[in-house]
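Reading through the C-alpha cells given below for one structure.
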Amino acid sequence: MNFRSFKAQETNPSSNRLVGFATIAEVKTHKIDASSPIGELAQEAAAVIREGGVVCLPCAGRYRLFADLFNNDAVMRLMQAKSRIKAAPALVFIENASDLDTVAEEIPELARKIASELWPQPVTIRAKPSSELPQKVLKQLGGKKVRLGLRTPAGGLAQEVLKAVGSPLLVSSANRQKKAGDSSSAQVTKTFGRHIDLFINSGDLSPEAASTIVNIENEAVVIERHGAVDEATIENCARS
C-alpha cells in the first residue's frame with residue numbers, strides 16, 4: 001500500500017459520526033469529537049500502522065506519532081520526520097507488563113513489579129532493548145547502549161490502536177526536538193503533514209502532566225523525571 005496516495009472520500013456523518021475528514025498536505029485527516037467512533041478509528045489507524053505507515057493521534061493531552069516497532073522502514077520514517085537524535089530515549093507502548101520481554105531484556109524484578117502494579121498509570125520504565133529486535137531497528141534507535149522507555153497507555157484511542165495492531169509501537173511526541181507544538185493541531189499539520197499517513201485530529205489539546213520516568217540501578221529505584229505519578233507512590237510500590 002502506498003500511503004502517500006491516500007485520497008479523502010466524503011463520509012456519511014449519520015453512519016459513523018465523524019466530524020469530517022479531508023486531505024491536508026497529502027495526509028488523510030479525520031476530525032473527531034467526543035462522539036466519534038473510537039473503535040472504527042482504531043481499526044483504521046491500526047491498518048495503516050501494520051502496513052508500515054506513520055500515524056498521528058491524540059494521547060494524554062498531546063499529539064504523538066506512532067509506528068510499528070518491528071518495521072524498520074516505519075521506524076526510519078518516524079525518526080526522519082522528527083529529525084530525532086538517536087541517543088535520545090525511545091518510547092515504546094506495550095499492552096501490559098507481560099509484554100515486557102517482547103521488547104526488552106535483563107529486566108530487573110523491581111521494574112516488573114512497578115509495571116505490574118502501577119500500569120496503566122503514567123509511569124515510564126527504562127529498560128535495555130531486546131536483542132530480538134530487528135537489528136536495523138535497533139541501530140535506528142541508537143544501538144545496544146540505548147535504553148527504551150516502556151509504558152502502557154491509559155485507555156482512550158491510543159490503547160485501542162495498540163490493541164488493534166497487536167504489536168509494540170514506537171511512539172514519539174509530535175514536535176521537533178525540544179520545541180513546543182505537540183498540543184496544537186495546526187502546528188502538527190504544518191510540521192508533520194507531509195511525513196505522516198493518517199492524522200486523527202481532535203483540535204487543540206490541553207496538555208496533561210508528563211509521565212514519571214523510572215530507572216532501576218543497583219536494585220534501587222531512580223526517578224529520572226518527576227511527573228504525574230508521585231515519588232511516594234512508586235517507592236511504596238517498590239517496598240511492598
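Computed from the coordinates by the stated procedures, all read-outs in this text should not be read as laboratory data. It should be emphasised that the depicted structure is a prediction, and the values quoted were computed from it without experimental measurement. Cβ: placed from backbone, ideal geometry, glycine included. Neighbour counts: every protein chain shown.
By counting other Cβ atoms within 10 Å of each Cβ, how are LYS28, LYS128, LYS136 ranked from fewest to most?
By the 10 Å Cβ count, ascending: LYS136, LYS128, LYS28.
So what are the ³J(HN,Hα) numbers for the range 193-198, from phi and the Karplus equation (6.51, -1.76, 1.60; θ = phi - 60°), rounded to whole Hz, Gly and Pro as x?
Per-residue couplings from phi come out as x, 8, 10, 10, 10, 8 Hz.
Starting from the amide H of HIS195, placed 1.01 Å from N in the peptide plane, find each other amide H under 5 Å away whose residue is 5 or more places distant or on another chain.
It is none; the list stays empty.
Charges on Cβ only, +1 for Lys and Arg, -1 for Asp and Glu, centred on the Cα centroid of the chain; of PHE70, GLY193, ILE49, which one is farthest towards the dipole's positive end?
GLY193
Tell me, what is the FRET efficiency for ASP101 and ARG194 to the nearest 0.05, using R0 = 30 angstrom and their Cβ-Cβ distance as r?
Computed FRET efficiency for ASP101 and ARG194 comes out at 0.25.
Work out how much length GLN80 to LYS136 would gain on full extension: take 0.36 nm times their residue separation and subtract the Cα-Cα distance, in nm to one decimal.
Computed gain between GLN80 and LYS136 is 18.7 nm.
Can you give me the long-range amide H partners of HIS30? Hydrogens built in the peptide plane at 1.01 Å from N, cutoff under 5 Å, separation of 5 or more residues or another chain.
Close amide H contacts, sequence-distant or interchain: PHE199, ILE200, ASN201.
What list of ³J(HN,Hα) values in whole Hz, one per residue of the range 107-116 in order, does the Karplus curve 6.51 cos²θ - 1.76 cosθ + 1.60 (θ = phi - 60°) give from phi, with Gly and Pro shown as x?
Going residue by residue, I get 7, x, 4, 5, 5, 4, 5, 4, 4, 5 Hz, with x marking Gly and Pro.
Between the helical axis of 156-165 and the dominant principal axis of the chain, each derived from Cα atoms, what acute angle in degrees is found, rounded to the nearest 10?
90
What ³J(HN,Hα) values, in whole Hz, does the Karplus curve 6.51 cos²θ - 1.76 cosθ + 1.60 give for the range 72-77 when θ = phi - 60°, with x put for Gly and Pro?
4, 5, 5, 4, 4, 5
Can you find, among LEU138, SER83, SER36, the residue sitting farthest towards the positive end of the charge dipole of the chain, where Lys and Arg contribute +1 and Asp and Glu -1 at Cβ?
SER83
Once amide H atoms are placed 1.01 Å from N in the peptide plane, what residues at a sequence separation of 5 or more from LEU91, or on another chain, have their amide H within under 5 Å of its amide H?
GLY149, VAL171
If each residue of separation counts as 0.36 nm, what is the full-extension length gain between LYS113 and ARG176 once their alpha-carbon separation is subtracted?
Extending this stretch completely gives an extra 19.3 nm.
GLU219 label point, 7 Å along Cα→Cβ, cut-off 14 Å on backbone N: hits in the range 102-116?
108-111
For the chain, what is the charge dipole size about the Cα centre, in debye to the nearest 20, if Lys and Arg each add +1 at the Cβ and Asp and Glu each add -1 at the Cβ?
Roughly 1060 debye for the chain.
How large is the helix-only mean residue ellipticity at 222 nm for the chain, computed as the sum of -39500 (n - 2.57) over DSSP H runs with n ≥ 4, divided by its residue count, in deg cm²/dmol to the nearest 500?
For the chain, the value works out to -8500 deg cm²/dmol.
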